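Here the structure comes first, spelled out in C-alpha cells, and everything after it is commentary.
Computed from the coordinates by the stated procedures, all read-outs in this text should not be read as laboratory data. Only a predicted model underlies this, so the values are computations on that prediction, with no experimental measurement involved. Neighbour counts run over all protein chains shown; Cβ positions are idealised from the backbone, glycine included.
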Amino acid sequence: MNIKTTVMKKIIFTLTPVLLFLVSCKTSNIQEPEYREIRDVRIKDVGLLKTTAGLDLVYYNPNSFGVQINDADGNVYIDNILLGRFDLDEKVEVKKRREFVVPAIIKLNNLNAFVNHKDIWNKKQAKIRIEGKARVKKSGYSTEVPINYEGMQDIEKLKEIFSKK
C-alpha cells in the first residue's frame, strides 16, 4: 500500500462521520429562538451626530442543542424607519432549552432618530423590525444564519436611549 492510498483512507475515515453528522441534522427540526425582552439599556457614547448604546436582548432557545454566536450585525427599524445599526458586543454561549442574553451595541444616527422618530414619545408600542446576520458555531462547524424579526413591542426601554442624552 502506498502513501497516497493511506492518506486517502485517513481522509475518508475522518470525513465520513462528519458528513453523516451534518446530513443527519435536519434543518426542518431547528426552531428559531424566541424573543423575550430588552434589558439594561445603557449609553456608551454620545456625540453630536451619533450615539452608541448598549442593550441586552433576551431570547429563549427551544432547541435540544446549544450553539455559540460568534458575530452578528444588522439594522433596527421602528415603524419601518431605520433607527440604527447593531453589532454583537461579545461571543454568546447558547445552551439548549434555556434563556440567553445577547449583549448588543446599537449605533444611532441622532439627526435621523430625532427627525423621523419624534412620534415615538407618544407611543407605548411600535413595530420593531430587525434584519441582519449572525455567525454561529456548533462542534467546530461555523455557518452564517439570517436574523429576521418583526413584531409589535413595548418600546419603553428603547425610549431610555433618547431620554438619557
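Could you compute the FRET efficiency for LYS96 and ASP154, with r as their C-beta to C-beta distance and R0 at 30 Å, rounded to 0.05?
On the way: r = 28 Å, r/R0 = 0.93.
So, using R0 = 30 Å, E works out to roughly 0.60.
Expressed as a whole number of Å, what is the distance separating the alpha-carbon centroids of the range 41-105 and the range 121-136?
10
How long is the gain from ARG36 to VAL145 if the chain were fully straight, where each residue apart is worth 0.36 nm and the alpha carbon distance is subtracted?
Values: separation 109, 0.36 × 109 = 39.24 nm, distance 1.97 nm.
Computed gain between ARG36 and VAL145 is 37.3 nm.
Cα to Cα, under 13 Å, and not fewer than 8 places away if on the same chain: which aspartates and glutamates meet these conditions relative to LYS157?
GLU37, ASP40, ASP56
Do the alpha carbons of any pairs in LYS91/LYS124; LYS91/LYS123; LYS44/LYS124 sit beyond 30 Å of each other, and which pairs?
Values: LYS91/LYS124 32 Å; LYS91/LYS123 33 Å; LYS44/LYS124 24 Å.
Listed pairs above 30 Å: LYS91/LYS124; LYS91/LYS123.
Quickly work out the LYS44-to-TYR60 label distance, labels modelled 7 Å from Cα along the C-beta direction, and quote it in nm with one decimal.
2.9
Mind checking which aspartates and glutamates have their C-alpha under 17 Å from LYS50, skipping anything on the same chain fewer than 8 residues away?
LYS50 reaches ASP87, GLU160.
For the range 54-156, which chymotrypsin sites (Phe, Trp or Tyr not before Pro) are in a loop by DSSP, counting at most 14 other Cβ atoms within 10 Å? Before the final figure, lay out each step's value.
Working: sites: TYR59, TYR60, PHE65, TYR77, PHE86, PHE100, PHE114, TRP121, TYR141, TYR149; in loops: PHE65.
Qualifying residues, ordered by number: PHE65.
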